[in-house]
Amino acid sequence: MLTTTDVLDQHLKSFGRNDLDGVLADYSTDAVLFIPGRSLKGPNAIKPFFQALLAEFAKPGASFSMGQQCVDGDYAYILWSAETADNSYEAATDTFVVRNGKIVAQSFAARITPKHKHHHPSDLIEVFDEGWDIGAPVTVDAIRALFASE
């Protein structure tokens, strides 16, 4: 059975290769991913989040820097920063709970600063039948900047 370190390494490598199937294979069928504003339960609910994130990080010029990586038993924590064509990610953190070789819970938070000025709320948040498009940058700073510019 994979250890927490094995699962985390595999997860990060899949993300780095832009391998959506590999990323999703790391999650248990009842995994929960906590993101700002909501939780996503199960790989089918988690998939759109990673589709958007991988698409953003696949654009030319994206960079990723690991600041800290800690594993203790079933728990893992990473602190990272990144730059993409669309956003700057500062103090980005993920915390993982791994059981039986699969991620059963994860939390994600970051200070995400959009690099492009948004002119309309629909530019910032897109709503689909499934819910919120996490690929759109939604931060307190982005929302304040949006309304300050109008």
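Derivation of every value follows stated rules applied to the coordinates shown; laboratory data play no part. Bear in mind the structure is a predicted one, so any value in this text is a computation, not a measurement. Cβ sites come from the backbone with ideal geometry, for glycine too, and all protein chains shown count toward neighbours.
Overview of results
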read-out	value
Lys pairs under 18 Å by Cα in the range 4-113, provided they are eight or more residues apart or on distinct chains	5
Fully extended contour minus Cα-Cα distance, from A25 to V104, at 0.36 nm per residue	27.3 nm
Residues whose placed amide H lies under 5 Å from that of A31, excluding near-sequence neighbours	G42
Around Q69: net Lys/Arg minus Asp/Glu count, Cβ-Cβ under 12 Å	-3
Förster-model FRET efficiency, 35 Å R0, S88 and R38, C-beta, rounded to 0.05	0.95
